[in-house]
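Where a number appears in this text, it was derived from the coordinates with a stated rule and is not lab data. This is a predicted model, so every value here is computed, not measured. Backbone-built Cβ (ideal geometry, glycine too); neighbour counts: all protein chains shown.
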Amino acid sequence: MMSVLLGWVLALLWVSAAQAEVLVQPDFDAKKFSGLWFVVSMVSDCKVFLGKKDHLLMSTRAVTATAEGNLRVHMEFPGAEGCHQVDAEYLKVGSEGHFRVPVLGYLDVRVVDTDYSAFAVVYIYKELEGALSTMVQLYSRTQEASPQALKAFRDFYPTVGLPDDMMVLLPKSGACSAGAKEAP
């Protein structure tokens with residue numbers, strides 16, 4: 001029993017140390033980050049994601065910065081039965097560009113790289129169905145990611161232990177209104 005407990009403690013310490021090494025965008029500006037983003041690519045070790053990744057479509061995020069430094073995010077996910085919409089508040093944790101989203105089980109969200117006008121690389125450490133997982137998403141202001149954006153994304157996700165075979169480029173979909181609604 002003691003060895004199992006020690007194993008869990010060491011695993012939690014390793015996870016905390018690994019997360020601490022993920023840096024956020026220097027001088028992150030939430031107001032510049034606001035607006036419509038398309039999620040054009042994702043990579044994750046989440047078992048649910050891996051089981052569905054070949055059927056996922058491009059989704060959107062309409063982001064609005066709050067005065068407190070949080071982000072209000074309206075998400076639209078196309079699916080077989082139309083457009084699924086979710087609203088969430090990304091709560092600022094410590095430094096700018098670092099958030100948590102309790103309502104979605106996101107324990108740690110970091111904007112690790114962005115030029116604000118074309119792309120962003122977003123790191124997410126989450127809990128889903130009792131399992132912890134890592135995800136990296138590539139946001140683009142258009143439905144076509146630039147070569148610079150793809151390079152930043154592909155250069156980053158291996159640094160958090162995610163291999164190429166867990167990555168998917170998401171096909172476009174007309175099922176949603178392209179995120180036209182602003183975040184609440």
If one computes the Cα centroid of region 83-120 and of region 134-180, what distance in Å separates the two points? 15 Å
In nanometres, what is the gap between the two model label sites at H84 and E129, each 7 Å from Cα along Cα-to-Cβ? 1.2 nm
Proximal lysines relative to K172, as straight alpha-carbon distance under 29 Å, when same-chain residues fewer than 8 apart are discounted: K31, K32, K47, K52, K53, K126, K151, K181
Quick check on packing: order 32-40, 164-172 by the mean number of other C-beta atoms within 10 Å, highest mean leading. 32-40, 164-172
What does the convex hull of the Cα atoms of region 24-169 come to per residue, in Å³, rounded to a whole number? 110 Å³
Direction-averaged shadow area of the convex hull around the Cα atoms of region 47-88, nm²? 3.8 nm²
Quick check: residue separation of T159 and E96 times 0.36 nm, minus the Cα distance between them. What number comes out in nm? 20.6 nm
R0 of 22 Å, Cβ-Cβ distance L23-T66: FRET efficiency to nearest 0.05: 0.45
Which peptide among 151-158, 140-147, 79-86 comes first, and what is the full order, when sorted by highest mean count of other Cβ atoms within 10 Å? 151-158, 140-147, 79-86
